[in-house]
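One structure is given below, encoded as C-alpha cells.
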Amino acid sequence: MTSKNSSIGIFDSGVGGTSIWKEIKTLLPNENTIYLSDSKNAPYGEKSKQNIIDLSIKNTDFLLHQNCKLIVVACNTATTNAIKVLRQKYKIPFIGIEPAIKPAALKTKTNKIGILATKGTLNSELFAQTSSTFREHVIIKETIGTGLVELIEEGRINSTEMTELLNTYLQPMLENEVDCLVLGCTHYPYLIPQIRKIIGDQIQIIDSGEAVAKQTKSILEKHELLNTNSKKGKHQFYVNKSKKTLEILLNKYENVISVEEKEF
Ligand code: DGL
C-alpha cells in the first residue's frame, strides 16, 4: 500500500528529467523522490511509438516495485507517446510533460514561436492535437534537436559540437523572427546558457518544468497524498549506464542519498 510517506517516482530516457526533479524538490521540499534515468536506452526520440511505450512500462514497473505513490513522466517524448497507455494500464496517478505551446502562443507578439523538441515528440498525435488549436493564429517553427540529448548524456554540454548543433537549429528561428522559444525536451534546460549566447535576450525561453511541479502538487493534494512530514525529503537516483553525468548534474543538491548504477 502506498501512503503519504511513499516516494514520488520520476523517470526519463536519461538525465534530462532532473530539470523537472529540481522544480519538484523546490516546490515540495518534504517529498521523497526516486528518479530513474534510462540512459542505456536514450535517446527515446528516435524510437518507434511501441518501443517508447514498452520502455515506459518497464520504467513504471520498476518505480511501482519501489512503492511510489505517483509517477512523473519527466520526458516529453514518453508523455506524448505513452502516457495514455500508462494511465489505462495502472491505477496510480501519472503527471506528464508536454511542450509549452499554449503559454508561448499567449505571449508571442510576432505570432511566431519556435519549438525545439525530439522527433518522437514532434511527430506524436498528442503534439499534433495540442498544437493544432494554436496554428490558426500562430506560426510554429518546429525543429528536431537531433544529437542534443546524446551530447548531454555524455556530459558534453559546453562542447564545440554542441555550439555547432545549436547554431544550426536556432539560426533559422532567428531568421523567422520567433519571439518565444519553447524547449520541448527536459534535457534542453541544461542548454539555456548556450542557447542565450546564440539568440540573445530578446526571445523568451519557455519550458514546462514549473508547471509540472505545480500539477504534481495539486494531484497529490487531490488524492490526499501530500507528505506531511516536516523533515526534508530524501532523493534516490538509479541509472542503467555510467552515473558520471548524473553525479555532475546533482553535485550541488542536498539530500541526494544515493546515485546508483543498476540494471533495469
Ligand atoms: N528528456 C526527453 C524528452 O523530454 C529526451 C527524449 C530522448 O531521449 O530523445 O523528450
Item to complete: Kindly establish whether N59 is within 16 Å of the ligand (Cβ to nearest atom) and without any contact (Cβ under 8 Å) to a residue 24 or more places away in the chain.
Response: no
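Just give me the residues in segment 237-264 being out of contact with any Lys or Arg (no Cβ under 6 Å at 6 or more places or on another chain) and charged (D, E, K, R), in sequence order. Break it down into steps so the answer makes sense when it comes.
Filtering segment 237-264 down to residues out of contact with any Lys or Arg (no Cβ under 6 Å at 6 or more places or on another chain) leaves 237, 239, 242-254, 256, 258, 260, 262-264.
Result: K243, K244, E247, K252, E254, E260, K262, E263.
Please work out if E23 is over 25 Å from E125 (Cα atoms), of a type outside the set (V, I, T) and in a helix (DSSP H, G or I). Spell out the reasoning first.
On the way: over 25 Å from E125 (Cα atoms): yes; of a type outside the set (V, I, T): yes; in a helix (DSSP H, G or I): yes.
Spelling it out, E23 is indeed over 25 Å from E125 (Cα atoms), of a type outside the set (V, I, T) and in a helix (DSSP H, G or I).
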Discussion item. Return the residues of segment 106-116 that are out of contact with any strand residue (DSSP E or B) (no Cβ under 6 Å at 6 or more places or on another chain) and in contact (Cβ under 8 Å) with a residue 40 or more places away in the chain; say none if nothing qualifies.
Written reply: K109, T110
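Kindly indicate whether any position in segment 166-181 is within 14 Å of the ligand (Cβ to nearest atom) and surrounded by 17 or more Cβ atoms within 10 Å (Cβ to Cβ).
Going residue by residue through segment 166-181, those that are within 14 Å of the ligand (Cβ to nearest atom) are none.
There is no residue in segment 166-181 that is within 14 Å of the ligand (Cβ to nearest atom) and surrounded by 17 or more Cβ atoms within 10 Å (Cβ to Cβ).
Restricting attention to segment 195-211, which residues are of a type in the set (D, E) and buried (at least 18 other Cβ atoms within 10 Å of the Cβ)? Step through it out loud before you land on a result.
Kept after step one, since they are of a type in the set (D, E), are these residues of segment 195-211: 201, 207, 210.
D207 - this is the single residue of segment 195-211 that is of a type in the set (D, E) and buried (at least 18 other Cβ atoms within 10 Å of the Cβ).
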Practice prompt. Only residues in segment 238-258 that are over 16 Å from I152 (Cα atoms) count as the first member; pair them with residues that are among the aliphatic types (A, V, I, L, M), Cβ under 7 angstrom, at least 6 apart or cross-chain, and list the lot.
Written response: Y238/L36; V256/L250
Discussion item. Looking at E46 and the list (1) within 9 Å of the ligand (Cβ to nearest atom); (2) buried (at least 17 other Cβ atoms within 10 Å of the Cβ), which single condition is not satisfied?
Written reply: (2)
Worksheet item: Regarding I205, is this residue assigned to a helix (DSSP H, G or I), closer than 26 Å to A100 by Cα and modelled with pLDDT of 95 or more?
Response: no
Worksheet item: What is the one condition in (1) assigned to a helix (DSSP H, G or I); (2) more than 12 Å from the ligand (Cβ to nearest atom); (3) touching a residue at least 40 places away in the same chain (Cβ under 8 Å) that A128 does not satisfy?
Response: (3)
Discussion item. Suppose the filter is in a loop (DSSP other than H, G, I, E, B), of a type in the set (G, A, S) and under 15 Å from the mean Cα position of the chain (by Cα); does G16 pass it?
Written reply: yes
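Applying the selection to segment 72-122, what residues are part of a helix (DSSP H, G or I), over 23 Å from T146 (Cβ atoms) and of a type in the set (A, V, I, L, M)?
Of the residues in segment 72-122, the ones part of a helix (DSSP H, G or I) are 76-89, 101-107, 119-122.
Those still in the list that are over 23 Å from T146 (Cβ atoms) too: 83-89, 102-103, 105-107.
Within segment 72-122, I83, V85, L86, A105, L106 qualify.
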Worksheet item: Do we find a residue being closer than 30 Å to E263 by Cβ, at pLDDT 95 or above and surrounded by fewer than 18 Cβ atoms within 10 Å (Cβ to Cβ) anywhere in segment 102-120?
Response: yes
Worksheet item: For E136, all conditions in the list (1) within 16 Å of the ligand (Cβ to nearest atom); (2) modelled with pLDDT under 95 hold save one; what is the number of the exception?
Response: (1)
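For G155, indicate whether it is closer than 26 Å to Q215 by Cβ and in contact with a helix residue (DSSP H, G or I) (Cβ under 8 Å, 6 or more places away or on another chain).
The answer is no for G155.
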Practice prompt. Mind listing just one residue for me: the one in segment 1-31 that is buried (at least 22 other Cβ atoms within 10 Å of the Cβ) and of a type in the set (S, T, N, Q) and, of those, nearest to the ligand (Cβ to nearest atom)?
Written response: S13
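The values are calculated or read from the model by the stated rules, or taken from the named source; none is laboratory data. Keep in mind that what you see is a predicted model, and the values were worked out from it rather than measured. Note that we place each Cβ from the backbone using ideal geometry, even for glycine, and neighbour counts take in every protein chain shown.
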